Amino acid sequence: MKWMKRLKIFNWQYFKEETFEVGKQTQISGPKGVGKSSIVDALQTLIVADQRKVKYNMAAHGESTDRSLVKYIRGDIKGKDVLRPGAVTSYIIAEFWDDIKLESFIVGFVADLFPDDSLKEEYFILAPLKLEELDLLNQSGSLLSGEEFRKYSDRFHLKQRTFER
């Protein structure tokens, strides 16, 4: 059996960097406006690779809203000033545990968003690997871009290293 242990997101809606511990059964609860739907939408983005099939914020409205991948990365949910103008990189990374192989592996999504709102997205699997083994900052302290991350992942001696657009 494989199950998610942790979810880490960078530059997603109002979250700059956040790690969530999860288990075989996890409940997401809290008052309105704290980011419950944003967490679920991050999971959708990670798991549903075809962005055309993702329906953001369905929990709140029961139908598709004006939320989008670009708006989540920018931090522009309510049409106010964006939190992250210009070029920005966003990550959604989940660490899973494999009960058969007795090892952790990473499933992730990285998106580079450019000033004109164009996107370059990649999904990746890295195994065996744990979240704490990843250092996603470059020498200047900024998040690694998708291209930088791909080169950085070459440093790991992994059984599986897969990238897909």
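Points to keep in mind about this one:
- Ranked by how many other beta carbons lie within 10 Å on average, peptides 84-95, 24-35, 109-120, 129-140 from highest: 84-95, 109-120, 129-140, 24-35
- The chain, dipole about Cα centre (Lys/Arg Cβ +1, Asp/Glu Cβ -1), debye to the nearest 20: 360
- Shape box of segment 1-44 [Cα atoms, principal axes, largest first, Å]: 32, 22, 17
- Residues whose amide H comes within less than 5 Å of that of Arg6, counting only those at least five positions distant or on another chain, are Val22, Glu95 (H built at 1.01 Å from N in the peptide plane).
- Estimated purely from DSSP H runs of n ≥ 4, each contributing -39500 (n - 2.57), the mean residue ellipticity at 222 nm for the chain is -4500 deg cm²/dmol once divided by its residues.
- Sites Arg155 and Glu103, calculated FRET efficiency, Cβ-Cβ separation with R0 22 Å, nearest 0.05: 0.75
- Globularity ratio of the chain, using Cα Rg and 2.2 N^0.38 Å: 1.03
Read-outs throughout are calculated quantities, based only on the coordinates presented, and are distinct from any laboratory measurement. In this text, all values refer to a predicted model and were calculated from it rather than measured experimentally. In this analysis, Cβ positions are derived from the backbone assuming ideal geometry, glycine residues included, and neighbour counts consider all displayed protein chains.
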